[in-house]
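> Below is the structure I would like to discuss, written out as structure tokens.
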Amino acid sequence: MLKITKNKFKQRYVVKYYKRGRLKSLTLKFLKDSYFDSLYKEKYVIKTCWKKRIIKIPNKSLSILHKFLLNSYLEEYWDKKIEAKIKEVSFGFLKWKSVIDAIEPHINKNFLIKIDLTSYFDSFWRRSLFNFFLNKMWLCSCVAKFFSKLCTFNGRLPQGISTSPMLSSILSVKLDSDIIDYIEELKKDSGYYFSYTRYADDIFLSSNVDNFFIVKKVSSKIFSIIKKNNFSVNYDKFEITERHKKQKILWVIVNSKPSLWKKNFKRIKAIVFNINKNWWDYEFNKWKNLWNNSADLKTFQKKIYWYIGHFKMINLEWYWDKLVLD
């Protein structure tokens, strides 16, 4: 249960909510947008490609509100209001969804199309969040304005808070719906079938058609749909991969069956071997210069364990036995 009241004299919003049977309350200044922005701090994390990424970490009070909004409003909206066909193609940072679920429709296909959306989270402005809370969730303008400011940083959706993945998936429903409608229309008119999934900002399409020009034409149409929905394409990462080449999705090769990229596996295998031999500090200091001393040992450990869990998820025992940390 959530209640938001305004104190006209102090110009504050008092947020009250129940947690574990006890009433909690937080008083947040609501006059300036910069107040919410001041509750975040920056943190560097290591991407899958071993490059740096800056994320925003909210303070404890703000994080509690984010989790409450996610559990009480956004997840319920996703479960009850979003169509089943959208849930089947949308992946990435969602509960009960994994990388294997996202790549399964694209295994053993003649062509694989990979499209990356530029600045995906920055594409969602505070105004779009306000319209969603007001028109889709039927909240009053006061609450919609509060939630939209609560979930944005500098007027845009930030990376690092618990509500951003779910909000980005909800606000991308129109994009998913338009692409699905086009694929169904294409199958009905010409008989060509394409599988489609989206993992956050990565769009994947695959098909068993034999004509490359048809694949090129479909790609051009997808570009126009993306532009129509106010997203932009990163053309440097756009790829059309044929069967005789390595078809990689989310660091997994899907030509005939899910398998690991050997280059990436050998790198992690060498790191794990050195960790078992010389422990964490030695290996971390060797890699530290890659991130200009911005990463810490804890972040490095989390990344290595993430890779090991990622390899284990593919259920390849041969790889898993070689990546056990003592």
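> Could you give me the residue pairs with C-beta distances under 6 Å whose first residue belongs to segment 100-122 and is farther than 27 Å from PRO158 by Cβ, whose second residue is of a type in the set (A, V, I, L, M) and open to solvent by 10 Å² or more (accessible area, probe 1.4 Å) wherever it lies, and which are 6+ apart or on separate chains?
Close Cβ pairs (under 6 Å, with a partner that is of a type in the set (A, V, I, L, M) and open to solvent by 10 Å² or more (accessible area, probe 1.4 Å)) amount to ILE113/ILE240.
> Restricting attention to segment 152-166, which residues are under 14 Å from LYS56 (Cβ atoms) and open to solvent by less than 30 Å² (accessible area, probe 1.4 Å)?
THR152, GLY155, LEU157, PRO158, ILE161, THR163, SER164, PRO165
> What's the number of the only condition in (1) out of contact with any Ser or Thr (no Cβ under 6 Å at 6 or more places or on another chain); (2) of a type in the set (A, V, I, L, M); (3) crowded, with 19+ Cβ neighbours inside 10 Å; (4) at pLDDT below 90 that ILE100 fails to meet?
(3)
> To continue, here is another question. Determine if segment 106-116 includes at least one residue that is modelled with pLDDT of 80 or more, of a type in the set (A, V, I, L, M) and open to solvent by 50 Å² or more (accessible area, probe 1.4 Å).
Let us first name the residues in segment 106-116 that are modelled with pLDDT of 80 or more, namely 106-116.
Then drop every residue that is not of a type in the set (A, V, I, L, M), which leaves 107, 112-113, 115.
Now restrict to residues that are open to solvent by 50 Å² or more (accessible area, probe 1.4 Å): none.
No: segment 106-116 contains no residue that is modelled with pLDDT of 80 or more, of a type in the set (A, V, I, L, M) and open to solvent by 50 Å² or more (accessible area, probe 1.4 Å).
> For the structure I just gave you, tell me whether ILE57 is among the β-branched types (Val, Ile, Thr), in a strand (DSSP E or B), modelled with pLDDT of 85 or more and more than 26 Å from VAL252 (Cβ to Cβ).
So ILE57 passes the test.
> Just to check your reading of the model, which residue among LYS87, LYS95, LYS149, LYS81 is farther than 30 Å from ILE253 by Cβ and open to solvent by 40 Å² or more (accessible area, probe 1.4 Å)?
LYS81
> May I ask you to list the residues in segment 146-174 that are closer than 19 Å to ILE86 by Cα and either touching a Gly at 6+ places or on another chain (Cβ under 6 Å) or not β-branched (Val, Ile, Thr) (or both)?
Selection gives SER164, PRO165, MET166, LEU167, SER168, SER169, LEU171, SER172, LYS174.
> Does segment 223-246 contain at least one residue that is assigned to a helix (DSSP H, G or I), open to solvent by less than 20 Å² (accessible area, probe 1.4 Å) and at pLDDT 95 or above?
Step one: of segment 223-246, the residues assigned to a helix (DSSP H, G or I) are 223-228, 235-237.
With open to solvent by less than 20 Å² (accessible area, probe 1.4 Å) added as a condition, the list becomes 225-226.
Adding the requirement that they be at pLDDT 95 or above leaves 225-226.
Yes - at least one qualifying residue is present in segment 223-246.
> Please note which helices (runs of 4 or more DSSP H) are completely contained in segment 68-161 and include at least 1 residues that are within 30 Å of SER195 (Cβ to Cβ) and in contact with a helix residue (DSSP H, G or I) (Cβ under 7 Å, 6 or more places away or on another chain).
Those helices (runs of 4 or more DSSP H) span 75-81, 84-87, 99-103, 126-131.
> Give all pairs with beta carbons closer than 6 Å in which a residue from segment 137-161 that is of a type in the set (Gly, Ala, Ser) meets a residue that is at pLDDT below 90; count only pairs at least 6 apart in sequence or on separate chains.
Pairs found: GLY160/ILE55; GLY160/LYS56; GLY160/ILE57.
> Out of segment 201-213, which residues are assigned to a loop (DSSP other than H, G, I, E, B) and open to solvent by less than 20 Å² (accessible area, probe 1.4 Å)?
The one that is assigned to a loop (DSSP other than H, G, I, E, B) and open to solvent by less than 20 Å² (accessible area, probe 1.4 Å): VAL209.
> Looking only at residues that are under 21 Å from LEU250 (Cβ atoms) and part of a helix (DSSP H, G or I) in segment 177-200, which one is farthest from the chain's Cα centre (by Cα)?
So, considering only residues that are under 21 Å from LEU250 (Cβ atoms) and part of a helix (DSSP H, G or I), the one farthest from the chain's Cα centre (by Cα) is ILE183.
The values are calculated or read from the model by the stated rules, or taken from the named source; none is laboratory data. What you see is a predicted model; the values in this text were computed from it and never measured. Using ideal geometry, Cβ is built from the backbone for each residue, glycine included, and neighbour counts are taken over all protein chains shown. Ligands, DNA and RNA are stripped out before the accessible areas are found, and what is left, the full protein with its side chains, is counted by its heavy atoms. Shrake-Rupley method; radii C 1.70, N 1.55, O 1.52, S 1.80 Å.
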